[in-house]
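Written below as structure tokens is the structure these notes are about.
Values quoted throughout were computed directly from the atomic coordinates according to the rules given, and no laboratory measurement underlies them. Because the structure is predicted, anything quoted here is derived from the model rather than measured. Here the Cβ positions follow ideal geometry from the backbone for every residue, glycine too, while neighbour counts run over all protein chains shown.
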Protein chains: 2
Amino acid sequence: MALGEFQMIDRLLKPLAAGCPGALGLTDDAALLAQQPGTQLVLAKDAIVEAVHFRKEDPPGTVAQKLLRQNLSDLAAMGAEPVGYLTAFGLRRDLPEGWLEAFVAGLAEDQARFGIHLLGGDTVSTRGPLFFSLTVLGRVPAGAALTRAGAKPGDLVCVSGTLGDSALGLAVLEGRIAAPADSAAYLAGRYRVPEPRLALGQALRGLASACLDVSDGLLGDLGHILATSGSGGELGALVRAGDLPLSPAAATLPGALEAALTGGDDYELLFTLPPRHRDRLAELPVPVAVIGEIRSGGGTEVLDSAGALLTLSGRSWTHF
Amino acid sequence: MALGEFQMIDRLLKPLAAGCPGALGLTDDAALLAQQPGTQLVLAKDAIVEAVHFRKEDPPGTVAQKLLRQNLSDLAAMGAEPVGYLTAFGLRRDLPEGWLEAFVAGLAEDQARFGIHLLGGDTVSTRGPLFFSLTVLGRVPAGAALTRAGAKPGDLVCVSGTLGDSALGLAVLEGRIAAPADSAAYLAGRYRVPEPRLALGQALRGLASACLDVSDGLLGDLGHILATSGSGGELGALVRAGDLPLSPAAATLPGALEAALTGGDDYELLFTLPPRHRDRLAELPVPVAVIGEIRSGGGTEVLDSAGALLTLSGRSWTHF
């Protein structure tokens, strides 16, 4: 980037910090944030790289929003409220006219939506793929944060929203599967602009025994809960394939079950719930499905509607 | 990076979080940090890119330490104490054997030195230049942070340590200038592993009227103070070239004056001091030179030892 371009970025980014005194108008070396007694700060940081985490053809505004939202989803998984964020941009000189403006406009739109501000960051030049890193800050009442540790045998395995949409959306965008136009648009939207389940995460404080967001895929992420809550294979889980929540758009497509079990990037909350709290599920701000339960040992088993064990054969889940 | 390599990174990074309960052993989506009443949080974020901010030949441990230290220097400039940091690594598959181990060993060494821990982060793959982003967190008593705003006409312009070493060190490493072996080693060390002036920054709380760290170069950074403290060219500064602090290694080299005035990456603190505090300079934990003063308007002027104006001609500062 030429110097003039960096000044342009400066002009683009300063409005994102407006209204937030601690950002100091982005003029200083660091941002200042008041501490709130009785709370803990929650911090998450993600990075994305062009052609790895987003496609050159993706609208720049949605690339920005997905980066911000996947970080907000990390806050949601801890039961935290968002406070602000910092960014680092790695930019090439050959960035198409308007690309960065659209990227920043996506951030501006989501800032307003989630009630947060840019606190600071850095812009650097690269000769390689574009990259972006984002650090998000949130707050949670002291001691109330949800973590991956705490699941117990007998706890219900629950998931918000629907699963597999994002993986199917990517498959549609890449032309690997075909879908009717309205389904394709819905699924691509779920891939590009996931919804961080912030209100749900906050509602789960004091209820869920363990929680995370589905980023690697349901079975992988459930494995993270089992590994962090138990140790040495002490915990296992049963998952009922017939109870996995699928969107109408996903349900009719080939590979929907596989996408729901192992597709990533859904950013739904996967949590475990002591059975005594089952009645509370109806009060939650988003639909939640009970898809299985935690048990002692035995890894994770997936059962079909008749209770028969499904196994992964190549890329499909089938009966033995 | 293959999955096995990411697991290796995981093994390398988890020890950096050991001993810090809020890092949750890096198992969770986010880190938790207790808030301390009566303090403000200070946050800075920088990114570095291979072949732009560091050289392929640089020892990986010092690349890591420079990244951490330039962020710690941002805390120093605000008068803050360091608390912890998050990182994002953008790595290629072809990383030489041992490179990452050495990078992480550099972080481990500096963590111990500065009393901080890794709180979280992200590791992603790239096909382009390596990149690293680091977010550092610090604390400052509420209302006590130093900023770039606050310099007034008559304030002394002060700088810690010595100037120009880093730019000369880079010139030596790149073979652009020659220096005796011991000078070359000293200057290269100043370029590769700068010293964040944390104790000085904390000592300047309540004393300095404005402060930042010299990263762009003395004159550019002084310009940042003038622009943030004044508005519309309201403030200017006089700088006495003969009072610029030069290391013995730098003083004998060609271009030392230019490096001191415009070389970046020194990470010394540049601050303004109301003249009534002049006596306090002797109490500070590092040597500080008074190099000029703030005045009303007139931009920044550089004077030689006889009081004659120096001007930039090509790449040299000379008399008219």
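Which FRET efficiency value, to the nearest 0.05, do you get for B:Ile9 and A:Arg55 by plugging their Cβ-Cβ distance into 1/(1 + (r/R0)^6) with R0 = 25 Å? Mind showing how you got there, number by number?
On the way: r = 25 Å, r/R0 = 1.00.
E(calc), rounded to 0.05, equals 0.50.
Relative to the first principal axis of the alpha-carbon coordinates of chain A, what is the inclination of helix A:218-229, with its axis defined by its Cα atoms, in degrees from 0 to 90 and to the nearest 10?
Orientation of helix A:218-229: about 90 degrees from the principal axis.
Over the alpha-carbon set of the range A:1-89, divide Rg by the Kirkwood Rh and report the Rg/Rh ratio to two decimals. List each step's numbers first, then the result.
Working: Rg = 15.3 Å, Rh = 15.3 Å.
That ratio is 1.00, to two decimals.
Need the C-alpha centroid separation for the range A:236-262 versus the range A:178-192, integer Å.
If you average the Cα positions of each part, the centres end up 17 Å apart.
Using the Kirkwood radius over Cα pairs, work out the Stokes-Einstein diffusion coefficient for the range A:167-285 at 25 °C and 0.890 mPa s, in µm²/s as a whole number. Mind showing how you got there, number by number?
Details: Rh = 15.6 Å.
Answer from the Stokes-Einstein relation: 157 µm²/s.
Going by the rotation axis that takes chain A to chain B, pick out the residue of A with the closest C-beta and quote the gap in whole Å.
Smallest Cβ distance to the axis, with its residue: A:Gly128, 1.
Using a Gaussian network model of chain B with C-alpha springs under 10 Å, which one of B:Gln35, B:Gln202, B:Gln65 is most mobile by mean-square fluctuation?
B:Gln35
Per the helix-only calculation at 222 nm, which mean residue ellipticity applies to chain B, given -39500 (n - 2.57) for every DSSP H run of n ≥ 4 and division by its residues, nearest 500 deg cm²/dmol? Display every interim value, and only then the final one.
Values: 9 runs with 100 residues, N = 320.
Value at 222 nm, helices only: -9500 deg cm²/dmol.
What translational diffusion coefficient, to the nearest whole µm²/s, does the protein assembly as shown have by Stokes-Einstein, given a Kirkwood radius computed over alpha-carbon pairs, a temperature of 37 °C and 0.692 mPa s viscosity? Mind dumping the intermediate values first?
Details: Rh = 26.2 Å.
It diffuses with D of about 125 µm²/s by this estimate.
Out of residues 5 or more away from B:Thr300 or on other chains, whose amide H comes under 5 Å of its own, with H placed 1.01 Å from N in the peptide plane?
B:Ala237
Quote the FRET efficiency, to the nearest 0.05, computed for A:Ser296 versus B:Glu97 with a Förster distance R0 of 35 Å and r equal to the Cβ-Cβ distance.
On the way: r = 42 Å, r/R0 = 1.20.
FRET efficiency, A:Ser296 to B:Glu97: 0.25.
Given the C-alpha centroids of the range B:107-153 and the range A:270-295, what is the distance between them in whole angstrom?
Rounded to whole Å, the Cα centres lie 39 Å apart.
When each copy gets a label point 7 Å from Cα toward the beta-carbon at A:Glu109, what are the spacings between them in nm, shortest first?
Nearest first, the other copies' label points are 4.8 nm away.
Looking only at the range B:3-141, where both bridge partners belong to it, what percent of the DSSP beta bridges are antiparallel (to the nearest 5)? Don't skip to the end; give the middle numbers.
Numbers: 20 of 29 bridges.
Here the share of antiparallel DSSP bridges comes out near 70 percent.
If you place +1 on the Cβ of every Lys and Arg and -1 on the Cβ of every Asp and Glu, how big does the dipole about the Cα centre of the range B:35-95 come out, in debye to the nearest 20? Mind dumping the intermediate values first?
Values: 7 positive and 7 negative charges, 30 e Å.
Dipole magnitude for the range B:35-95 comes out near 140 debye.
Would the range A:1-158 count as rounded, prolate or oblate if I go by the C-alpha gyration tensor, calling it rounded below 1.5 in a/c and otherwise prolate when a/b exceeds b/c, oblate otherwise? Could the numbers behind the result be given before it?
On the way: a/c = 2.52, a/b = 1.51, b/c = 1.67.
Oblate, since a/c reaches 1.5 and b/c is not below a/b.
Any idea what the dipole of chain B comes to, in debye rounded to 20, about its Cα centre with Lys/Arg Cβ at +1 and Asp/Glu Cβ at -1? Please report the intermediate quantities before stating the final value.
Details: 25 positive and 35 negative charges, 72 e Å.
Here the size comes out at about 340 debye.
With unit charges on the beta carbons (Lys and Arg positive, Asp and Glu negative) and the dipole taken about the Cα centre of chain B, which residue among B:Phe89, B:Pro60, B:Leu43 sits farthest to the positive side?
Selected residue: B:Leu43.
Could you give the spread of the C-alpha atoms of the range B:25-67 along their three principal axes, from largest to smallest, in whole angstroms?
44, 27, 15
Quantify how strongly other chains surround peptide A:75-88 by giving the mean number of their Cβ atoms within 10 Å of each of its Cβ atoms.
On the way: counts 2, 2, 3, 6, 0, 3, 0, 0, 1, 1, 2, 7, 3, 10.
Mean number of neighbouring Cβ atoms from other chains: 3.
Near A:Thr39, within a Cβ-to-Cβ distance under 14 Å, what is the net charge of the other residues, with Lys and Arg +1 and Asp and Glu -1? Please list the in-between numbers first.
On the way: positive: A:Arg139, A:Arg205; negative: A:Glu81.
Surrounding charge for A:Thr39 is +1.
Any chance you could give the angle, 0 to 90 degrees and rounded to 10, that helix B:99-114 forms with the longest Cα principal axis of chain B?
60 degrees
What does the charge dipole of the range A:65-223 about its Cα centre add up to, to the nearest 20 debye, if the Cβ of each Lys and Arg holds +1 and the Cβ of each Asp and Glu holds -1?
Working: 14 positive and 16 negative charges, 51 e Å.
Roughly 240 debye, rounded to the nearest 20.
Classify the range A:72-201 as rounded, prolate or oblate, taking a ≥ b ≥ c as the square roots of the eigenvalues of its Cα gyration tensor: rounded when a/c is under 1.5, otherwise prolate if a/b is larger than b/c and oblate if not. Show your work: numbers first, answer last.
Working: a/c = 2.18, a/b = 1.18, b/c = 1.85.
Oblate is the answer for the range A:72-201, as a/c is 1.5 or above yet b/c matches or exceeds a/b.
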